[in-house]
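What follows is one structure encoded as C-alpha cells, with my remarks underneath.
The values are calculated or read from the model by the stated rules, or taken from the named source; none is laboratory data. None of the values given here were measured: they were computed from a predicted structure. With ideal geometry, Cβ positions are generated from the backbone for all residues, glycine too; neighbour counts draw on all protein chains shown. These area figures cover heavy atoms from the full protein model, side chains too; ligands, DNA and RNA do not enter into them. Shrake-Rupley method; radii C 1.70, N 1.55, O 1.52, S 1.80 Å.
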Number of protein chains: 2
Amino acid sequence: MVESIQKSLIKLSILCLLAFCVSVEAKVRHYKWEVKYEFKSPDCYRKLAITINGRTPGPSIIAQQGDTIVVELKNSLLTENVAIHWHGIRQIGTPWMDGTEGVTQCPILPGDTFFYKFVVDRPGTYLYHAHYGMQREAGLYGSIRVSLPDGETEPFSYDYDRSIILNDWYHLSAYEQAVGLSSIPFVWVGEPQSILIQGRGRFNCSRPGIGAGLCNATNPECAPYALTVVPGKTYRLRLASLTALSALSFEIEGHNMTVVEADGHYVEPFVVQNLFIYSGETYSVLIKADQNPTRNYWASTKIVSRNSTTPNGLAILNYYPNHPRRSPPTIPPIGPHWNDIAPRLAQSVAIKARPGFIHPPPQTSDRVIVMLNTQNRINGNVRWSINNVSFNLPHTPYLIAYKHNLLHTFEQRPPPDNYDSANHDIFSVAKNVNATTSNGAYRLKFNTTVDIILQNANTMNPNNSETHPWHLHGHDFWVLGYGTGKFDKVNDPKKYNLVDPIMKNTVPVHPYGWTALRFRADNPGVWAFHCHIESHFYMGMGVVFEEGVERVGKLPTSIMGCGDTRGHHSP
Amino acid sequence: MVESIQKSLIKLSILCLLAFCVSVEAKVRHYKWEVKYEFKSPDCYRKLAITINGRTPGPSIIAQQGDTIVVELKNSLLTENVAIHWHGIRQIGTPWMDGTEGVTQCPILPGDTFFYKFVVDRPGTYLYHAHYGMQREAGLYGSIRVSLPDGETEPFSYDYDRSIILNDWYHLSAYEQAVGLSSIPFVWVGEPQSILIQGRGRFNCSRPGIGAGLCNATNPECAPYALTVVPGKTYRLRLASLTALSALSFEIEGHNMTVVEADGHYVEPFVVQNLFIYSGETYSVLIKADQNPTRNYWASTKIVSRNSTTPNGLAILNYYPNHPRRSPPTIPPIGPHWNDIAPRLAQSVAIKARPGFIHPPPQTSDRVIVMLNTQNRINGNVRWSINNVSFNLPHTPYLIAYKHNLLHTFEQRPPPDNYDSANHDIFSVAKNVNATTSNGAYRLKFNTTVDIILQNANTMNPNNSETHPWHLHGHDFWVLGYGTGKFDKVNDPKKYNLVDPIMKNTVPVHPYGWTALRFRADNPGVWAFHCHIESHFYMGMGVVFEEGVERVGKLPTSIMGCGDTRGHHSP
C-alpha cells in the first residue's frame, strides 16, 4: 500500500518533469490575470492591443475534466470596462459565469477585480475571449484545453499536443471599426490587414504609405510561428478560429490532416488536405511528421468565402533539428478558391460523431424556429436582422432582469419564430422589409427540444451571400443537416441525420444555404446565440434564449452594478 | 398694471428676437446630451473624437447667475465610461456634482444616463470637460457663460459677446498617448499636431507619409474659425484654453486687447497685444473693430514655454461685409519667442482685482503647504511628484469613502506639507529621491485659511523647467504672488499682494519659479487640485483636499456604483 503510493508519487514527479507540469491532483486551477492595453506588433505593425499579463493571445488554460477554474481578472484598462466569455464551456449550474456582457453579467469596471469560477466538465478544445463591444478584435482571447481524467484515454493516439489559434487582424482600432459600422453613411473597415497564426502574422512594411516607425519587419514579435516536430512523431493540433470576419482554410504543405475532434466532440475520423474553419470553431487534427526531415514546410491559412485582399497567413512546420526560421524551399500552398462553396459544404456534411461516442439526438422537436438572416437599412444604419428583427443588447443583463423581476428593462415581445418564407426571395436583395431593432428574447420551455433552422439569404449587394458561423452559449447542439437554397420544412427534415450527428457549439450557414440544429433547453439560464463575426453581432445578428430561469440559484452580486441592477451589487 | 405687464412681455419678445433668445424668467436650464465617438476632422485630419450631440467642442451652456443647470448626460460610448467636470463652478452645497471621477463620483457606464444638477452662482466665463482618464483630449469639452442678473451691468461695455476655446490637438488617440506614458521605456507622444481655435485647426495634408484619405484640406470642418465683426463695434471675447499640453499666446493682428475678466473675476483693465493663456484659464478681453474695414485680420495662437514644432493656430477676424474666408493680405503674426519667460511672468503679475470688485483676502493663513513638483522615475515609470509623492486616483471616490466610512479604500497617511528645501536644488536634475506613489489626501480644517506655494524645479532633462497651470476644484483662490527661484518662506510672504489680489481657479507656476495662493477651506467636500496638463495629472501631478466633509449632506446614490461603493447605488 505504502509502496503503491510511493510509486504514484514517483509517476507524478516524472509527469511534472515533462513539458507541461500539470498537477493531476489539483482540482482548482487559479489564474491571476491583468487586462490592459499595450503596444503590440503581431504582424510587424504596431498598434494598441488588449493583453492579458502582457500577452495576446493570452495565457492558455490547461486543465483536466472536472477541474474548477478560477480566473481572478483585474481590469487595468484606463476608462474601459471588460467581460470575458468561456467559449464552449456550458456553465451548467453557473449561468452567471458565462461572461457575456448584457446577457449574463455587468461589465467589469476599471480597477475592479472579478472572479470567474466555473467547472470544465468535459474534455476538449475550447476558447476564451472578450464578449463586450468589439474588444475581442483588440486581442483579448486565448485557448482552453481540457484533458481526460486520469486513466482515461482518447480514442486516437498521438505523441504531442499543440494549440494554435487562427485570427485575422486589423490595424484600425475596434473603436474606429465600431464607429464606422454605426455611421451614416456606413463606413466599412474593409478586409483585414493580416492573418495571425497563434498570434503572429506578417504585414508588408515596405508598402507605400506606411507611417515611419509603425512597421518593423525585423521585430521578433512577428517572426512566423514555428511548430517544431520530431520526425516520425504524431501531433495533435488543436486548431481554433477567432477571426473577426474571415472564414479560413488551413493546410500544411505535404501533410494530410485527420480530423478527430470538433468543438469538444470526437469526430468519425476523416482526412483532409485543408481544413475549413469558421470563427468560434475548434478542431483537433492529427498530423504525422513523416515527410523528408531535412527541410521545413509551410503552414498556410487563406481567407475563403470573401474575395479578400488579405495575404495568406504563413507559419512554419519545423522538422527538428532544422532551424525553426529556415524558410521552406517551396512556394507556399495557395489554398482553395475563395468562391468555391462545394468543398466547404462537403466538409461540413462530413463531420459526424465518432462511433462509440454518439449522443443520440431526440428524434422529434417541440418547437422549430426558422431564422432568416438579412441585411437591412434601419433608420439609415446598415444592420443585420433575424426574421427582420435586428438585435441590440440591453444595459441591464437579461439573467439579472429575469431573476430580479426587472422586466421593464427590455422588450417583452419575443422576436418571431419564422419569416414570410412564401414571399421572401432569398436569392435577391431584399426589398424594404420594415426591419426593426429589438432586444426581445426567445423564451424556451424548460427541457423541451428546439430546432433552429439558420436560413441564409442575399445581402444588400446583388449576387452576394456570406458565410455566418453561429455560436450557441450554454449548450452543444446536434447538427442535423445542411442544404442549399430555401429550407423546405416538409421535405428537408426527412433528410436530417438523426443517427450520428456531431454535437457542436458553433456551426456555419453557407452562402444561400441553410443549416438545421437541434438542442435541449435543459440548462437554466439566459444564453446568447449569434453570428461569431464580431461586426455582425454588433450590427444585430444575434438572439437570446431564456430557459428555466426560475431554476437558476441565487445570483452572485458580483455580476451586478449596471443598468437597473445598480445597488444590487455588494462589494 | 395690465399695461405694464404687456410692456414687459413686449420687451421680453424683443429680447428674444435678438441673437440669443435667453428667457430671463427661466431659472432651470435643461440640457440633454448624448456622448459618443464620431469621426471628426477639426484640423482636416480624420480621427475619432468624443462628441456631445455630434459636436466637439460641445454645446455651450449659456445661463444667468443663480440659474440651475440640469445636464441629462447619456453615455453612448460602446465600452467606455465617462464623467464631466464643470470647471470654475464651485458646487457649493453640491460637491457630488463636480464630475471628477475617483474624487466626487463613479464613472457613468455605457448606456447610463446621469443627471448633473448644480447652480451657477456667479457670472463669468467657465468651462466643462471630461474628467476621466484622458478623455478631455479626445474632444469632450465646451464653454459655460454665465451672465449677470437682470438689471445688473458689467463694469465695462461692449456690443457683442463671443466665446472662443483654444486647444491643442493630437492625431494619436488618448489611449495611445496614455499607454505610452505608462510604458517602460516611456513613450512620449511629442508635440501636438495642431492648435485648434474654437475647434478648428489646419494640418498640412500634403506632408509626406499622411495616410491617403485621412487628411482632406477642403473639408469644411477645418475651415478656419471666422469671428465676424461689424466695424466700429466692441466685442467681448471670452477666451479659454483647454490644451492638453501647451501654454499659448493669442493675438489678433492690429488689435489690442483689454483684459477685463479672469476665471470669473473682474480684472483691473490692462491692455495687451498678446494674451498668454494656460490650460484651464479663462479671460475676457475687449476688442474694438476700429481698423481698416476693407480687409480681414489674422488671429494667431502660438505655443510658448516649449520649443514646439506645432504650427501656429490661425483664425480670421472678419470685418463685415468682407467674405469670412477671405485671407488677410498680410503674413500672420509670428508671436513671442517661446523661451522668453519675462513677459509671461509680467502678465501674471499684472492681473489684479478690479477696484470696486476686490474680495479682500485674509491677512494671515492657518497652514502653509509648499508643493515642490519634480519629475521622477518610480518603478521604472516616468512620473510627476509633489514633495516626492506621485498621485494616483483610487477607484472608490474619496467623497463617498469619507462619507460612508470606506477609509480602507485609500492611503490614510497624508502627503507631506513640505519638501527638504534646504537640500533640494531646484535648478538641477533631481537625484534619486525615493519618490513614491500614493492616493493619500490632505485634510484641511474647516473654515481655515490655507496657503499653497507651488514650487517649480528642473525636470529630468538638464536645463529644463516647464510651465504648469494648477487648477483648484470647488474654490477660487487669491493669487498672492509670483517669484523666480526657490521660495523664501521668510521674505517672500512680505511681498504678497494682500490688497487687491485677483481670485482665480487656475494659475501657472512659471519655469524655475513659484506661485503663492491662499484660499478658505470653506466648501465642504473633497476637491482635486492638479496640473491642468492632462498627461501631467495622469502621471501623478495632483493632490486632493478634504474639508468639512462631515457637513456634506446625504450623497445621491447616482454617484455610486464603483469600487467599494457598489451596492450603494439604487437605480
Stokes-Einstein translational diffusion, the protein assembly as shown - Kirkwood Rh over all Cα pairs, 0.890 mPa s, 25 °C, in µm²/s: 76 µm²/s
Dipole of the stretch B:367-565 [Lys/Arg +1, Asp/Glu -1 at C-beta], most positive-end residue of B:ILE533, B:PHE545, B:ALA457: B:PHE545
3J(HN,Hα) from dihedral phi, the stretch B:475-488, Karplus parametrisation 6.51/-1.76/1.60, rounded to Hz, x for glycine, proline: 8, 9, 10, 7, 9, 8, x, 10, x, 10, x, 7, 4, 9
Compactness of the stretch B:362-495, expressed as Rg and Dmax over alpha-carbon positions, Å: 16.1, 47
The stretch B:160-350 - share of DSSP beta bridges that are antiparallel (%, nearest 5): 75 percent
B:THR437-A:ASP522 pseudo-label distance in nm [points 7 Å out on the Cα-to-Cβ vector]: 5.0 nm
Relative contact order of the stretch B:16-159, pairs being alpha-carbon contacts under 8 Å that are 6 or more residues apart, as %: 27 percent
Whole-Hz couplings from phi, Karplus 6.51/-1.76/1.60, listed for the stretch A:201-207; x for Gly and Pro: x, 8, 8, 7, 5, 8, 5
The protein assembly as shown: antiparallel DSSP beta bridges as a percent of all, rounded to 5: 75 percent
Distant alpha-carbon pairs in the stretch A:92-135 (separation over 11 angstrom), percent: 73 percent
Mean separation of Cα contacts under 8 Å (6+ apart) over length of the stretch A:151-295, as relative contact order %: 26 percent
³J(HN,Hα), Karplus 6.51/-1.76/1.60, whole Hz, each residue of the stretch B:492-502, x for Gly, Pro: 4, x, 5, 9, 4, 7, 9, 9, 9, x, 6
Cα centroid separation - the stretch A:434-462 against the stretch A:44-88, whole Å: 30 Å
Accessible surface buried upon B-A contact (total; probe 1.4 Å; Å², nearest 100): 3100 Å²
Per residue accessible area of the stretch B:23-147, 1.4 Å probe, in Å²: 25 Å²
Translational diffusion coefficient (Stokes-Einstein; Kirkwood radius from C-alpha pairs) of chain B at 20 °C, 1.002 mPa s, in µm²/s: 88 µm²/s
Candidate lysines - alpha carbon under 29 Å from A:LYS36, same-chain residues fewer than 8 apart omitted: A:LYS27, A:LYS47, A:LYS74, A:LYS117, B:LYS36, B:LYS40, B:LYS47, B:LYS74
Longest to shortest principal axis, alpha-carbon extents of the stretch B:65-176, angstrom: 48, 34, 21
Helical segments meeting 15 Å axial Cα length and Kyte-Doolittle 0.5 threshold in chain A (DSSP H): A:2-17
Electrostatic dipole magnitude of the stretch B:367-565 [Cβ: Lys, Arg +1; Asp, Glu -1; Cα centre; debye, to 20]: 180 debye
Chymotrypsin sites (Phe, Trp or Tyr not before Pro) within the stretch B:414-523, DSSP loop, no more than 15 other Cβ atoms inside 10 Å: B:PHE427
Simple label model, 7 Å out from Cα along Cβ direction - B:ALA217 to A:THR484, nm: 5.4 nm
Chymotrypsin sites (Phe, Trp or Tyr not before Pro) restricted to DSSP loop in the stretch A:176-248 with at most 12 other C-beta within 10 Å: A:TRP188
Proximal aspartates and glutamates relative to A:LYS486, as straight alpha-carbon distance under 18 Å, when same-chain residues fewer than 8 apart are discounted: A:ASP417, A:ASP420, A:ASP425, A:ASP451, A:GLU466
For the protein assembly as shown, size of Cβ-based charge dipole, Lys and Arg +1, Asp and Glu -1, in debye: 800 debye
The stretch B:425-501: C-alpha pair distances exceeding 19 Å, %: 56 percent
Peptide A:556-564 - average C-beta neighbours from other chains (10 Å radius): 3
Kirkwood Rh, Cα atoms: Rg over Rh of the stretch A:307-407: 1.14
Per-residue average of Cβ from other chains inside 10 Å of A:76-84: 6
Spatial extent of the stretch A:160-350: Rg and Dmax, with the Cα atoms as the point set, Å: 17.4, 57
Stokes-Einstein D in µm²/s, Kirkwood radius over Cα pairs - the stretch B:174-248 at 25 °C with 0.890 mPa s viscosity: 155 µm²/s
